[in-house]
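Undergrad: Before anything else, here's the structure in question.
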Amino acid sequence: MSRPGGPARRTAIWVLLLLGGATLAAAVPTWLRTTGATALDPQVDVAVAGTSAAPGVSAAALVLVAAALALGLVGRVGRWIVLAVAAASGVVATVSALSVAIDPEPTARSAVAEATGVTEPTAPVELTAAPWVAAVLGVLTVLVVVWVALGARSWASASTRHERAGATPATAAGTPADGTPEAKGAAGPADAEDVSDHDAWDALSRGEDPTDR
């Protein structure tokens, strides 16, 4: 069950899992390209993947996947902690991706220095669409978490949703506690067996019912 405007728990889990997977996929391809030079090679092609250019994006994606899985296990209080972690992962992914998309030069110089030993690229830095995609997915993650929070208040608690309702209370002996005739009658035969033959004859001789005790 979900509140108007918010998703059910299962829907929220799947949406967050898809966002986490998409964000991780956006971090894998090449984010920028440039060239450098060495004493032996005047042109060294340098390509930097998103996992190297912005490690925070892939880390945030993995955290988001873990948060989505945990959302199906936690209770009423834990769900808010999980949603806060999911929102934080979206913020981290957005900030990490935008830092490269807006100013790719520092990342390019670092990659060129690692490949050639010279810090200055010999060609303009070419930026792909991947960092912008990752930034958009991070923003979308935060918006989805807000949407999920609208319905999270009415989700059934993970610890109580499988409990049976309307169970009949029982006494320590395992019989109904309301004193019904069925409960009282269950002890009748046992009481009758407790009457000895001698006592029964004495009671009959007095005109009494030996089981009426």
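The values are calculated or read from the model by the stated rules, or taken from the named source; none is laboratory data. Computed from a predicted model, the values in this text were never measured in an experiment. Reconstructed Cβ throughout: ideal geometry from the backbone, glycine too, with neighbour counts over all protein chains shown. What goes into the accessible areas is simple: the full protein's heavy atoms, side chains included, and nothing from ligands, DNA or RNA. Shrake-Rupley method; radii C 1.70, N 1.55, O 1.52, S 1.80 Å.
Undergrad: Over the range 24-87, one equal point on each Cα, no solvent: what is log10 I(q)/I(0) by the Debye formula at q = 0.12, 0.18 Å⁻¹?
TA: Per q value, in the given order, log10 I(q)/I(0) is -0.48, -0.72.
Undergrad: A further question follows. Ignoring any ligand, DNA or RNA, what whole percent of the accessible area of the range 9-156 comes from carbon and sulfur when the probe is 1.4 angstrom?
TA: Carbon and sulfur: 70 percent of the exposed surface of the range 9-156.
Undergrad: Which of GLY78, THR34, VAL44 sits closest to the plus end of the dipole of the range 1-79, meaning its Cα is farthest towards the positive end, when Lys and Arg get +1 and Asp and Glu get -1 on the C-beta?
TA: Of the listed residues, the answer is GLY78.
Undergrad: Hey, if we sort LEU64, LEU69 by accessible area with the 1.4 Å probe, largest down, what's the order?
TA: Ranked from most to least accessible, the order is LEU69, LEU64.
Undergrad: Also, quick follow-up: Note down the net charge around GLY36, summing +1 for each Lys or Arg and -1 for each Asp or Glu among other residues with Cβ under 10 Å from its Cβ.
TA: Surrounding charge for GLY36 is -3.
Undergrad: Please report, for the Cα atoms of the range 9-156, the Rg to one decimal and the Dmax as a whole number; what are they, in angstrom?
TA: 18.6, 67
Undergrad: Quick check for you: with a 1.4 Å probe and neighbouring chains kept, what is the accessible area per residue of the range 9-156, in Å²?
TA: For the range 9-156, the per-residue accessible area is 48 Å².
Undergrad: May I ask for the net charge around ALA123, where only other residues with Cβ less than 15 Å from the Cβ of ALA123 are counted and Lys, Arg are +1 while Asp, Glu are -1?
TA: Counting the neighbours of ALA123, the net charge comes to -3.
Undergrad: Charges at C-beta only: +1 for Lys and Arg, -1 for Asp and Glu. How large is the resulting dipole of the range 9-156 about its Cα centre, in Debye rounded to 20?
TA: Approximately 1140 debye in magnitude.
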